[in-house]
Every structure is written in structure tokens, then in C-alpha cells.
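Bear in mind that the values in this text are calculations on the coordinates, not laboratory data. Computed from a prediction, not measured in an experiment: that's the story for all the values here. Cβ: placed from backbone, ideal geometry, glycine included. Neighbour counts: every protein chain shown.
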Amino acid sequence: MRFANEAPPNLRLPPLAQLPAFEATVRLGSMTLAAEELGRTHSAISRQIRTLEDLLGLQLLDRSLTPLTPTAAGRTLYATTRIAFEAFDRCLSQIRPSTEQEIVTLGIGSSFATRWLVPRLPRFYAEHPEISVRLSMVGASILEIDDYDLVTSWNRLGYDLPDDQAFHVLGDVSFALVCAPHYPFRLESGRLHAETQLVGRWPITIQQSYRDHAIVVPVTRRSLTFPHIHMCIEAAVGGLGVTLVEMRLVQNELAAGRLVAPLDRLTTEDGLVALPHPRREAKAATRKLLAWLKAAIAADEDPTSAPI
């Protein structure tokens, strides 16, 4: 304990205002995703990290790589920043007055959140008004984040997870090429020929499985890359090209005829999973959210269930 007549410690702290932007960018591997999570613009995140680098006299990110990768100095600062942020979180949890609402942090991809989860959240809150769901955006890999109670993944088999890592199967995963019904394409020998393919941020192993599945390999003259799958979907609806997509994300567009799937689906049984945090004790609110996710996804897979 320090008293009023004692001199303050000689602390050499980094510029604290820029640390959240740096931490989120390294964790998500993207300034765009960091901007979405923090409610800032991409340029604001970029400026904050540049300012931090200038003040420290160090390069913290290797901007030539995708996803963005920290330098050796950046990795060291990130590791310490995570420890400090987690310590602050534990401290605030202890000193905040208790509330009736329990908070569950769900790690989830932005497209899955935007197109599937968020429209259904009112149903969850109607059943569980005592729980508040905090969304933490995941990039192409669930290994990019650490702040979650539960994280969803389309790609469990694509990770080298520890043998004792628990997971819960939510459902099958079905991928297919989709395009607008008026978009010009032709089928030859089980392949789809089109002018443009719209490419999103699916995990590498999913993209490889899709390429290995000869019946759905497209033949295109060019490709357009988007940072989020939901942008590919909107571009496909507008008639810009064909895109690979998980079918849950476009069920409304398919039902309304705004998109069509000309070829067979590629289905992986039990491919969609939820993983609890390996170092956090599963609380009652987390178990309730998990049970609701299982039920909601099962309802989607029921052929008698109508789209939302």
C-alpha cells in the first residue's frame, strides 16, 4: 500500500490510448475487423497503430502479410497487452456492483452473426431475458481470439486442437456455388463456367475441400475478393458473379428466388461446432446459449421449418 507522502513509482508505460486498436488488430489479423469490433473506421485504427509505432520507435506490424502479422516486437507487446487487459477485466468484474443479467461472450464470424444469428437473437432474449450476449468477431480462424466463453466454427477438422479440447456439434455444414437467377453461366461436364467468381474469407481447409470436390469447381475468367462473406452474397444477389457460400447464410435468398444454386452441395456432417473456452469454467448462461444454438440450428435443418 502506498501513502500520500510517498513518491509515485517510475513507470514507463506505453501510450495507452492506442493499445486497444493494436490489440484488436493483432487478435483479429485485420484492421477492418478491429474497426468493426471497436466501432471505429479503418483509417482511425490505422492512424492509432501508426502513432503507437512512431511513439515507441518500433515497427509492430508486418503489413506485407495477410492476415496482418505482428513483428517480434509486436508479439511481445501483444502478449503483455493481453495479460494487462485480462487483468483489468477480472478486476472490474470484482469491483462492479452485481447485476441480474449474466453476460456471455460468443466468438462468431461477422457473416454468420449478421445473416444468421442477429435476426434470431430476439427469440433468444425472449426465452432468456436474464442473459446478455456479447459478440466477439472472429476472422478466418478461431485461434485468432481468446476473449470468449463460446466460439463457433465451420471448420473443426481444420484445426490442430488439443485432444482434451471439448466441442459441441451444432449441425452439418453444406457449401454450394450460388448466383443470381439472371446471371449468365453454363454447365459443362459437371462444372460451372462463369465470368466472375466472388471470393470471401473462408478458412483455407474449406476452400481446399471445395476445390477437391470436382463437381463444384467453377471455371471463371476473373475473381473479385471481398473481406466478408456477406459482401460476396450481396454482390451475387446483384448479379456480379458466382460465390461459394454456406447454405444457412442464403436460405432466405434461395427461398425468395433471389439466388439459385445450380450444382450439388458439398456437405460435411457435424461440421458446425461450438467450442467452450479451454480455460474458463462453463457458467449456466453459457450452457443456456449453447442449448439454444443447438435448437435453433436443428430447426433450420428441419425441412418443414420456414425461413425467417
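Listing for the model above:
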read-out: Contour excess over end-to-end distance, with Cα ends at LEU65 and ASP264 and 0.36 nm allotted per residue; value: 68.2 nm
read-out: Linear extension gain, THR51 paired with GLU281, 0.36 nm per residue minus alpha-carbon span; value: 79.0 nm
read-out: Förster-model FRET efficiency, 35 Å R0, ARG221 and LEU58, C-beta, rounded to 0.05; value: 0.20
read-out: Peptides ranked, highest mean first, by Cβ atoms within 10 Å: ranges 80-91, 38-49, 115-126, 15-26; value: 15-26, 38-49, 115-126, 80-91
read-out: Förster-model FRET efficiency, 51 Å R0, SER189 and ALA295, C-beta, rounded to 0.05; value: 0.75
read-out: ALA17 versus ALA84: modelled label distance in nm, points set 7 Å from Cα along the beta carbon direction; value: 1.5 nm
read-out: Whole-angstrom gap from the stretch 235-294 to the stretch 11-75, using each part's C-alpha centre; value: 30 Å
read-out: Potential lengthening between LEU92 and GLU127 on full extension [0.36 nm per residue; Cα-Cα distance subtracted]; value: 9.8 nm
read-out: Dipole magnitude (debye, nearest 20) for the stretch 16-95, charges at Cβ of Lys, Arg, Asp, Glu; value: 60 debye
